[in-house]
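Below: one structure, written as C-alpha cells.
Derivation of every value follows stated rules applied to the coordinates shown; laboratory data play no part. Computed from a predicted structure; not experimentally measured. All Cβ positions, even for glycine, are placed from backbone atoms using ideal geometry, and neighbour counts span all protein chains on display.
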Amino acid sequence: MADTSPKVCTVNFGKGAQDISVYKSLGGYSNVGKRLFDLSQFELIDLVTRSGLRGRGGAGFPTGMKWSFVPRGGKPVYLVVNADEGEPGTFKDHFLMLEDPHRLIEGMLICGWALGVRTAYIYVRGEFLSAVESLNKAISQAYAAGLLGANIGGSGYSLDIYVHRGAGAYICGEETALINSLEGCKGQPRLKPPFPAVSGAWSSPTCVNNVETIMALPWILENGPEAYAAIGVGRSNGTKVFSVSGDVKRPGVYECALGLPIMEMLESEQFCQGVIGDLKGVIPGGSSTPVLTTAEASDAKLDYESLAAKGTMLGSGAIIAFNSSRNVVTMLQSLTRFYAHESCGQCTPCREGTGFANRVMKTVVAGKGRDTDLQLLLDLCEGFTPTTICPLAAADAGPIESFTKKFRADFEAAIARNPERAEERLHPNFRPGAFW
Amino acid sequence: MSNYYHMPKLPSADSLRVTINVDGKDVVVPGDTNLIEALRSVGIETPHFCYHPHLPLSGNCRQCLIETEGPRGMGLAIACYTPVRAGMKVATPASSPKVAKARKTVMEFQLVNHPLDCPICDKAGECLLQENYMQAGQGESHVREDIGKQYHGAPEHRFEDTKGQDRGGKDIDIGPRIILDEERCILCDRCVRFMRHVAGDEQLYIAARGDHAFITTFPGKKLDHAYDLNTTDICPVGALTSKSFRFKHRVWNLQHTPSIDPTDALGANIWIDHDGGTVYRLMPRCNSDVNRSWIANSTRAAFEALSTNRLLDGRLQGKTVTRSEALRHMMEKLQSAKKVALVSSGHLTLEDNAAMLSLAGVLGPRAEVFGGSWLPVAKPDGIALSGDPVPNRRGVSLLGIADNLDQLVSRAAEFDVVLLAETDLWFADSKQAKALEAIPNRLVLSAWDTASVKAATCAVGINAWAEVRGCMVNIAGRLQMMQAAPVSPVDALEPAWQTLSHLAGSDWNEVIEAWKFATGICSPLASIKYSAIGSSGLQLPPSGAHT
Ligand SMILES: Cc1cc2nc3c(=O)[nH]c(=O)nc-3n(C[C@H](O)[C@H](O)[C@H](O)COP(=O)(O)O)c2cc1C
Ligand code: SF4
Ligand code: SF4
Ligand code: FES
C-alpha cells in the first residue's frame, strides 16, 4: 500500500537527491532567491511562527519563538544544527542527512537569512562518517553553485557552513554541551541563563536547532505556513519523522502527520506492517521518554499533547516496540547503563546517582536484588531529577520510574530470585546517625 | 568547562542595599551579589563545595540549593548562581522542607562513592564535606554493601582492596609538593579553575565522565607551579594535600594568628597556624583587596625559617654572650659615639622603625638615619607577590626615612658606630657592605644568625616577624597589622621596637607606645588607632610619602 501521509522532510527519499542537479530538478533551492531574500527577517520569523513548527530535537520548543529571542545588531549570530542524534532509538537525522543533505543546506539558508547568520555549523555525531561525507559533498556542490559563500545569488547575503564532527558523546546533543564541544572544550552543559539564543558559541547569540526542524523550513517557505499548520492536530502542527525499531515487521524511518495513532504507525501497511509477537510495551519518543504499556499504547496518539496527557513525551520521535519475549529488567538495565555511562560527570546528583541506579539494576539483573530496591530506585530518581544542571538525570528517571511501575511484576520476579532479598544490609560505613 | 565564565560578584562597602524576603522575613542585603554572599551577610550560611568567591562560578556540586521564585513559581535553584533581585523570595531549609530534603539528597550522592576515611585523612577537621554533612546531611543513606561503590580514580591507579572491592587511586605523587588521593575527590573542579584562571597555567583537569571521572594532570606532566599549594587549601576534601604539612599535626589542635606576608611588599594576608609554640604552616587569609584567597608557595615556606638558624642570645666580637651583656655593650658604644648611623628596615614594622627614630631623637645631632634595601626587586606576578621582597618599604618611607644606603657607603668614614636592625646588608650585597667594615662599631639587631651578624662587632637576637604585633604599609599604601603568635623560641627575646627603646633609654613596654610615637611623627598615620585598622587593613589616602 502506498504511503499516503504528508511528506515534508522525507519527500526526496530514494530519489538520489544527494546530487544537487537531482535536488534542483525536484524543485530544490528554487526559493533561494527573490522569494527568500525579499522577505524581511521579521516576516520570515513571523512566517515560521505561524507555521506552528516546534523543535524536533526533543523538547518541542516553538521554533519561531526561539528565533525571536536572538538579539540583533550586536555580536555575530551563529546557527548550529544539532545532528548529534544520541538518544537511543533515534536514527532519523542520520537518514535525513544521508538522503537529502541539500534540504538541510536550504533550510540553513532560510534560518540563516532570518537571523542574519554568516557562519553556521552542523555538529554531527562522530560515528556518522557517511553522513559527514554526504554533507561535505553537498556543501561543496552548493558552494560551486553559488548557493553558499559570499553574495548568494547576488542578494548580498553570505553564508558559510562548516561540518563539525563530535566525538560520540550523548551529552553533546544537549545544546550548551554541544556548544562547549564545538568550541573545543569538554562537552558539558553550561549553567543557564544565559541561554544560547542570547549567549552561546563564543559568547555570541547562537541558534541551535535539530536537523529535522531545519529541514522542514524549505517546505514551509514553498507551501506557506498555513499549509504546514493545517497538517497535524491541535498545537502539534506539521509532520514528524519517526525512527521505529524493535519488534515490528518493518522497522525504519517514517514521516507522518502529527496526531497519528501509535498503533497505526506500528501496524499500518504503509509504515511498520505489524508487531512481531504480542506487544508488551512501546517507548514512544526515545529512551528518555516514559514507556507505554500495550493498553496505554492502544489509544495513544503521536503528538506532543496526547503523549503528555499519557504521562510521556514525543521526544525525538524514536519509537521502540517490544514484545513479551523481551526481558524488561535487562532492558531497563541497558538503559541505566547508558545514562550512567553518558552522564557528563559534572554535577554531583547525576554523576553519582545515575551510576548508583545502574549498580542497583545490575544487582537486580544478577538475581541479587532486594525487596527494597524498587523503592530505592524511585528515591534515587526523585533525588537527582530536580537538582541537576541539565535534564540528563531526568532522562534516566523517565525509564526507571515508568518501567518499574508499569512492569512491576517482572521486577518483583527478578528480585524474587534472591533468597536473601528481604534482609536489610546497610553498608557498615553508613549506619544511620553514624558519621563514618 | 567552557571558554566563558562568570566571576562571582562580591559585595562591597558601597553595594546598593536591597530588601529580599528570606523564609518569610524581609532582610536587607547587598544587591549586587549572589545569594550565597547575600545570605551570608545576614548570618545564613549556605553549604557549598564548588563555589569559591575568588574563582569563576561552576555550579556543579548542587549543594547550595535554595528555593526561589522562577517562571513556574517557587522552585529549586543554586544559591551560588542566583543573583540577588530586589524583592525576591528565597526559602532556605528553615522554611522549606523541599530545600532541606534536596540538600540532604545531594549530600547523600556526594558520599555515595566517597571513601569516608576521615580518621586517616589529613583534611579531617577542616573538610567541607564533614562540615556540610553536619549541616545539611545526617540523613539515612541508601548505600548498601552489596551494591558496591564506584570509587573515583584513574584506571592505572585502581586496585582491589582486601574485601575484593575495586578501589580508586590513593597516595598519588602528583607533583613536587602535593599528594593526590583520587578517591576522596568530589570533582568540584575548584583546583582546575584555580590553575586555569588564577595561576594561568592549566595543569589539572577532570578526565573521563560520569562517576568514572577523576582529577589528573596532563599525560606525563606534574602539578608544579609557584602557587600550586593553593589547590590544597581550596580542595574541599582531602584529595589534594600538601606534602610538607600532611600528617604533621591534626588541624583541630592548631591555633590561628592573623599576620602579613613577611616576604613581599604586597603584604598578602596570612594565618600563622601554630600549636605549643611551633608554627606548622602558613595559610592564606582571605582579603579581596589584597591577595584574594591566594599566597605563593614561597610565602608559605617562610615559616620554616622561624625555627632555623635563629639568633637567640648576644654576640660580642664573634663570641656568644648573654643578651644583656650585648645590650650593655651597645648602650656604651652609642653613648660614647661621635657619629651614629642608624639603619632602618623595611622588614620591620612601623613600630620598630618608629622606635629607631625615637632613638635617633635621643642621640640628637650625633645620629643620622638611613634606609633602603639592596635586595633585587622582581616584577609583580599579578597574584599575590609584588616582586618587592621588602614588605614595609612604603611604611619606612612614610616615616620620612630616605632610601639612601648608597650615601652610607660613600660616607662610611664619617661614622664610628653603625646600628642595623633586621636588614642583612652583608647578605644583600657583600661588596658594598664591605665599605661599612671601616666603621669600628657595627651593632646588629637580628632574629637570625645572618651574614651581618657575623660581620658585626656586637649583635643581639630579637623576635622574628611571626612573634611580634605591629603594622606595615604595603606597596599599594594599605596599612595592615600583624598579630603576635606565641611562638618565640625563647621567652627572653624582645621585638625590635622594645630593644631599640632600651637603647634609647625610654623603656617602652607596650607596642602601643611605639605606635603612638609613630602616629605623632607621621601625618598620614596621625590619629589612626589600632582598632581602625581592622583585620583587612586600612587603605591610606594616596597623598604619598611625608618627609
Ligand atoms: C541529554 C540531552 C541530549 C540531547 N540530544 C539531542 C540530540 O541528539 N539531537 C537534538 O537535536 N537535540 C538533542 N537535545 C535537545 C537539545 O538540547 C536542543 O533542545 C535541541 O537541539 C534544540 O533544537 P530544536 O528546538 O530544533 O529541537 C538533547 C537534550 C538533552 C538534555
Ligand atoms: S545532569 Fe548529568 S549530564 Fe547534565 S550537567 Fe549534570 S552531570 Fe552533566
Ligand atoms: S581535587 Fe579537590 S579541588 Fe580538585 S576537583 Fe577534586 S575535590 Fe575539587
Ligand atoms: S556551590 Fe552552588 S552549585 Fe556548588
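Here are the numbers for this structure:
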quantity: Summed side-chain charge close to B:VAL473 - residues other than B:VAL473 whose Cβ falls under 15 Å, Lys, Arg +1, Asp, Glu -1; calculated: -4
quantity: Inter-label distance, nm, simple model (7 Å from Cα along the C-beta direction), B:ASP26/B:THR322; calculated: 7.1
quantity: Ranking of A:MET331, B:MET330, A:MET361, A:MET65 by count of other Cβ atoms within 10 Å, fewest first; calculated: A:MET65, A:MET331, B:MET330, A:MET361
quantity: Taking the C-alpha atoms of region A:328-434, convex hull volume expressed per residue in Å³; calculated: 100
quantity: Charge dipole (debye, nearest 20) of chain B; +1 at Cβ of Lys and Arg, -1 at Cβ of Asp and Glu; calculated: 540
quantity: Per-residue mean of C-beta atoms belonging to partner chains within 10 Å, peptide A:383-395; calculated: 3
quantity: Residues B:PHE370, A:PHE42 arranged by fewest to most Cβ contacts within 10 Å; calculated: A:PHE42, B:PHE370
quantity: Between 0 and 90°, nearest 10: helix A:392-406 axis offset from chain A longest Cα axis; calculated: 50
quantity: nm² value of the averaged projected area, convex hull over the Cα atoms of region A:260-408; calculated: 8.8
quantity: P(r) tail fraction, region A:50-105 - alpha-carbon pairs more than 19 Å apart, %; calculated: 45
quantity: When each of A:LYS92/A:LYS137; A:LYS280/A:LYS310; A:LYS7/A:LYS301; A:LYS34/A:LYS240; A:LYS362/B:LYS163; A:LYS66/B:LYS104 is checked by Cα-Cα distance, pairs over 26 Å; calculated: A:LYS34/A:LYS240; A:LYS66/B:LYS104
quantity: Computed helical MRE - 222 nm, chain A, DSSP H runs ≥ 4 contributing -39500 (n - 2.57), nearest 500; calculated: -12000 deg cm²/dmol
quantity: Proportion of all alpha-carbon pairs of the protein assembly as shown beyond 50 Å (%); calculated: 39
quantity: Descending Cα extents along the principal axes, region A:182-254, whole Å; calculated: 42, 37, 22
quantity: Among A:SER21, B:PHE109, B:ALA518 - extreme Cα towards positive end, dipole of the protein assembly as shown, charges at beta-carbon; calculated: B:ALA518
quantity: Positive dipole terminus of region B:17-112, leading residue within B:CYS61, B:ALA100, B:THR33 (C-beta point charges); calculated: B:ALA100
quantity: Chain B: calculated mean residue ellipticity at 222 nm from DSSP helix runs of at least 4, using -39500 (n - 2.57); calculated: -6000 deg cm²/dmol
quantity: Principal axis dimensions, largest first and in whole angstrom, of chain A by Cα; calculated: 77, 54, 36
quantity: Kirkwood hydrodynamic radius of region A:41-145, from inverse mean 1/r over distinct Cα pairs, in Å; calculated: 14.8
quantity: Length-normalised contact order for region A:231-323 - Cα pairs under 8 Å, 6+ apart - percent; calculated: 33
quantity: Relative contact order (%) - criterion: Cα under 8 Å, at least six apart; region: chain B; calculated: 10
quantity: Helix axis angle, A:129-144 relative to chain A longest principal axis, alpha carbon, degrees; calculated: 10
quantity: Kirkwood Rh and Cα Rg combined as Rg over Rh, evaluated for region A:231-323; calculated: 0.92
quantity: For region B:467-524, alpha-carbon Rg relative to the globular expectation (2.2 N^0.38 Å, N residues); calculated: 1.24
quantity: For chain B, average projected area of the Cα convex hull in nm²; calculated: 28.8
quantity: Fewest-first sequence of B:TRP426, B:TRP497, B:TRP465, A:TRP202 by Cβ atoms within 10 Å of each Cβ; calculated: A:TRP202, B:TRP426, B:TRP465, B:TRP497
quantity: Net dipole in debye of region A:324-408 [+1 Lys, Arg Cβ; -1 Asp, Glu Cβ; about Cα centre; nearest 20]; calculated: 340
quantity: Of A:ILE400, A:PHE356, A:ASN418, farthest towards positive along the dipole that unit charges on Lys, Arg, Asp, Glu beta carbons give region A:328-434; calculated: A:ASN418
quantity: Sum of side-chain charges, B:LEU408 neighbourhood, beta-carbon under 10 Å (Lys, Arg +1; Asp, Glu -1); calculated: -2
quantity: Where only C-alpha atoms are counted, convex hull volume of region B:60-211 per residue in Å³; calculated: 169
quantity: With Cα atoms, 0 to 90° folded angle of helix A:41-51 axis to chain A main axis; calculated: 50
quantity: Under 12 Å from A:LYS406, Cα to Cα: aspartates and glutamates that are on another chain or at least 8 residues apart; calculated: A:GLU296
quantity: Whether region B:17-112 is rounded, prolate or oblate, judged on the alpha carbon gyration tensor where a/c under 1.5 counts as rounded; calculated: oblate
quantity: At 1.306 mPa s and 10 °C, Stokes D of region B:427-535 from Kirkwood alpha-carbon radius, µm² per second; calculated: 99
quantity: Kyte-Doolittle at least 1.0, axis length at least 15 Å by Cα - qualifying DSSP helices, chain B; calculated: B:350-363
quantity: Isolated Cys in chain B, by beta carbon distance under 4.7 Å; calculated: B:CYS64, B:CYS80, B:CYS118, B:CYS121, B:CYS127, B:CYS185, B:CYS191, B:CYS235, B:CYS286, B:CYS458, B:CYS471, B:CYS522
quantity: For region A:20-228, radius of gyration divided by Kirkwood radius, i.e. Rg to Rh on alpha-carbons; calculated: 0.93
quantity: Simple Cβ-charge dipole of region A:232-281, Lys/Arg +1 and Asp/Glu -1, about Cα centre, in debye nearest 20; calculated: 180
